[in-house]
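Each remark here refers to the structure printed beneath this line.
Nothing in this text is a laboratory measurement; each read-out follows from the coordinates by a stated rule. This one's a predicted model, so the numbers in the text were calculated from it and none came from an experiment. Reconstructed Cβ throughout: ideal geometry from the backbone, glycine too, with neighbour counts over all protein chains shown.
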């Protein structure tokens, strides 16, 4: 089955700096890669996703890149703000057949004002 | 706006009790999931269902069972709760190849 590894497990950055979280996946059939943000005491919510037919996607201060050959994808947050502090999860999924989604173990991001 | 709701936010049970956790979604999604979330271990899939009365084991199904009698409802059952099942349980739903939406979670404590 699919295995998703996520690094780092914790990340501290100064407000205004950039943050990068990296994930690798094992199943070359995976073709959908979402990123979720979970604030303390709240449910995970999708912040951005990418499908295997594109290499990069941006949404304001957030971007995700995908390297299918190397089987890794990354989340980039620029100009970080204190409200970006949360746990971030990457995931990988195959959009055909059964819809199992495999998550990474999460990255706790702390943005220091 | 997609809504996924769970029957309880907090639950305290005793060892050996049978526990039911219920999840309801209102978006006619085919796929529903149960995860448990523990610090440092991320979201681990317990069971998922891709249709009514259909279920598949996830990565950690031992000690759990599920039921999906109606498309909108997916139940997680702990036949005989144990202390190592103390955790946060998250339900989710999605349609094919699309965003997964999570419920608010149930924090279960087994004494």
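Ratio of the protein assembly as shown's C-alpha Rg to 2.2 N^0.38 Å, to two decimals?
1.02
Against the empirical 2.2 N^0.38 Å scaling, what ratio does the C-alpha Rg of the range A:1-68 come to?
1.20
Which three lengths, in whole Å and largest first, does the range B:36-111 cover when its Cα atoms are put on their principal axes?
So the extents along the principal axes, rounded to whole Å, are 36, 25, 20.
Pairs of Cα atoms under 8 Å, at least six residues apart: use those to get the relative contact order of the range B:37-101, whole percent.
23
Can you give me the distance in nm between label points at residue B:10 and residue B:52, each placed 7 Å from the Cα along the Cα-to-Cβ direction?
Roughly 3.7 nm, to one decimal.
What is the fewest-to-most order of A:37, B:13 by other Cβ atoms lying within 10 Å of their Cβ?
Exposure proxy ranking, most exposed first: B:13, A:37.
In the range B:57-79, which residues have a backbone nitrogen under 18 Å from the label point lying 7 Å from residue B:95's Cα in the Cα-to-Cβ direction?
Output list for this probe position: B:71-73.
For chain B, what is the relative contact order in percent, using Cα pairs closer than 8 Å and at least 6 residues apart in sequence?
Here the relative contact order equals 36 percent.
Compute a Gaussian network model of chain B, connecting alpha carbons closer than 10 Å, and tell me which residue from B:16, B:63, B:42 fluctuates the most.
Taking springs between Cα atoms under 10 Å, the residue moving most is B:42.
Based on other C-beta atoms within 10 Å, arrange B:87, B:93, A:52 from fewest to most.
Ascending Cβ contact count within 10 Å gives the list A:52, B:87, B:93.
Distance between the C-alpha centers of the range A:67-113 and the range B:59-108? Whole Å please.
22
In whole Å, what three semi-axes, largest first, describe the equivalent ellipsoid of the range A:48-113 built from its Cα gyration tensor (square root of 5 times each eigenvalue)?
24, 15, 10
Just want to confirm a number: the relative contact order over chain A, from Cα pairs under 8 angstrom separated by 6+ residues, in percent.
So the answer I get is 36 percent.
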